[in-house]
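Any read-out appearing in this document is the output of simple, stated calculations on the displayed coordinates, not a laboratory observation. All of these numbers come straight from a predicted model, not from anything done at the bench. Here the Cβ positions follow ideal geometry from the backbone for every residue, glycine too, while neighbour counts run over all protein chains shown.
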Amino acid sequence: MAMPMPMPMPPPGPGGDAPPAPVMMPGMATPMTTGMSFTWGHRAVVLFPRWPGDRAGVGMYLLCLLLVLALAALAEALSAASRRLELELDLSRSRGRRRRQQQLLAAGVHAARMGLAYLVMLAVMSFNAGVLLAAVAGHAAGFLLARSGLLGSNAAAPEIDAAAATSNGTPFLYWFGPQPRICVSDYDSVKQTLSKKYGYFVKNDAHPAILSMIGKGLVLVEGADWVRHRRVLTPAFAMDKLKVMTKTMASCAECLIQGWEDHASNSKSIEIEVEFSKQFQDLTADVICRTAFGSNSEKGKEVFHAQKQLQAIAIATILNLQLPGFKYLPTKRNRCKWKLENKLRNTLMQIIQSRITSEGNGYGDDLLGVMLNACFSTEQGEKRDELILRVDEIIDECKTFFFAGHETTSHLLTWTMFLLSVYPEWQDRLREEVLRECGKENPNADMLSKLKVMTMVLLETLRLYPPVIYMFRKPITDMQLGRLHLPRGTAIVIPIPMLHRDKEVWGDDADEFNPLRFANGVTRAAKIPHAHLGFSIGPRSCIGQNFAMLEAKLVMAMILQKFSFALSPKYVHAPADLITLQPKFGLPILLKALDA
Ligand code: HEM
């Protein structure tokens, strides 16, 4: 492309001055004026030789202005895209070829953006006032559409970071795209929101990507619906039911451990390297498949795979610009999402149907059975005329339990392995306790209830690395929260990891791993009784916390019975917010069989 040649054609000045004399700049073929002042009128040369020129008329000049406007708007859009790619790159766990592709794409978009910015600058150097105004308008329009969040953009990353957060618990406001959010990091406000005045605070509207993944189940329903759902589901987590589930959990863990033992015995080295983050996700998914869907666990695995892929889409799109109507376009990603949503729904429907038709003495003892029993039979065992939960509600609950049931527990296990690798003295202490209480046999629920040091270690892990990072709420009416006056609907964010490291509440060693702080129980570990928020507090606290603790204790006990372990030199410490708190590059661990 030819270099743009500024060719100002100024009218004579007010005093009737002659136009400034053109001079030749070194290396330039055409003259340039020394007086760099803007002129009005359609006779200009912009970017291309003799275009629009002084003979083409107003029509061509307007086309030229439109082009400049579009270039400037596109430069802004690319700037937003470039920021997003940078962010995705930062969050991405990919390595090798895939990472290089992402880096190349980010560099390409950045180069295109810079190219456009230079073109706009060169166009403005025509010193035509109309061109300048078109460029400014283009930048403004591009910013408004792509970067300001006018269209529901979430392009801006949440600006929650340690620097922004004040350690003294002062609330602060930040913008998540177009939405203002108040981050409250003092325990009084948290208690008001989650417990004392919980009825006035409801959950924030879930992002569509999250909704399609976990459904509108117990985590997201509100009001009378929430009471109805919670009443139906609570019996599934009674201690007697959980005790029965311990056997199923142990047999899932046995399969995994057997795999490591085989690997170790086939290996020439006394240590084997295992990536635990992925292995724990598979294990906890297997556990929830078998405990929630029992006999239909094979179909359950299909549900798990569809949900994992929907989660990957959610992670990739959660910060994306949400253009109105875009979700209805048959783009590759949208088509893939629709297919997965259908697959998820149809598979769950098949599981439910087969359970209903194969009814013998009730619908079974697993989670699905409990839901179906509550829905179809009265307390006297007779059939109900009207269902307590509709079939689409049962489907949504299945999605919720699949996700909530494995994703969080797997990260609790991962971070526990990490901390016990970093603190081998605690690993030894825990192994001693496990061998004392359970010997070498698979632990049962009664043995697990005696593992006090294990409970302390798990609670301390949940404090330092809570899998659920934020809780979101909004008031249903104008509310006073401490010194804050909150208009109805204001989004409130409760940052769990920040609160868990508050030195005023947890003491000067708040940043350190010290399980002993839980020696007298969870309510006496800090200066206030409700300081541990790992499972939340109040009526909407985690319904699956006993299930999760039982599973985590069992799996850790079974690993400690057989192996000692240490961090692999390949481990990179990068806890990342990938909807839950996860090690960005996984957890490679060196395992050594105890009897090797
Ligand atoms: C270490 C494991 C787990 C952690 C850290 C955890 C954490 C949490 C937290 C913080 C909440 C409150 C969320 C909010 O108010 O916004 C919650 C709610 C919930 N959790 Fe868990 N959870 C875990 C395991 C489980 C398991 C195993 C299940 C099911 C099998 C489960 C099912 C649920 C459900 C259904 C809710 C919503 C309760 C309601 O609103 O009534 N969670 N969980």
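For this structure, a couple of remarks:
- Modelled label reach - residue 258, point 7 Å along Cα→Cβ, segment 418-457 residues with backbone N closer than 20 Å: 440-444
- What separates the Cα centres of segment 566-595 and segment 249-299 is a distance of 16 Å.
- Stokes-Einstein translational diffusion, segment 58-147 - Kirkwood Rh over all Cα pairs, 1.306 mPa s, 10 °C, in µm²/s: 113 µm²/s
- Net charge of Cβ neighbours under 11 Å - reference residue 182; Lys, Arg +1; Asp, Glu -1: +3
- Violating pairs (Cα-Cα greater than 30 angstrom) within the set 339/474; 241/301; 247/474; 278/337; 278/399; 278/553: 339/474; 247/474
- Sorted on the mean count of surrounding Cβ atoms within 10 Å across their residues, most packed first, peptides 249-260, 569-580, 402-413, 449-460 read 402-413, 449-460, 249-260, 569-580.
- Summing +1 for each Lys or Arg and -1 for each Asp or Glu among the other residues whose beta-carbon sits under 9 angstrom from that of residue 594 gives +2.
- Segment 167-232 shape via C-alpha gyration tensor axes, a/c threshold 1.5: oblate
- Vicinal HN-Hα couplings computed from phi for segment 573-579 (Karplus, 6.51 cos²θ - 1.76 cosθ + 1.60; Hz; Gly/Pro x): 7, 8, x, 10, 7, 10, 6
- Rounded to 0.05, the FRET efficiency of the residue 593 and residue 516 pair, given R0 = 30 Å and the Cβ-Cβ distance, is 0.50.
- Cα centroid separation, segment 171-234 to segment 416-454 (Å): 35 Å
- The stretch between residue 112 and residue 428 holds 108.1 nm of extra length on full extension. This uses 0.36 nm per residue minus the Cα-Cα distance.
- Column: log10 I(q)/I(0), Debye, Cα scatterers of segment 474-542, q = 0.16, 0.21 Å⁻¹: -0.69, -0.97
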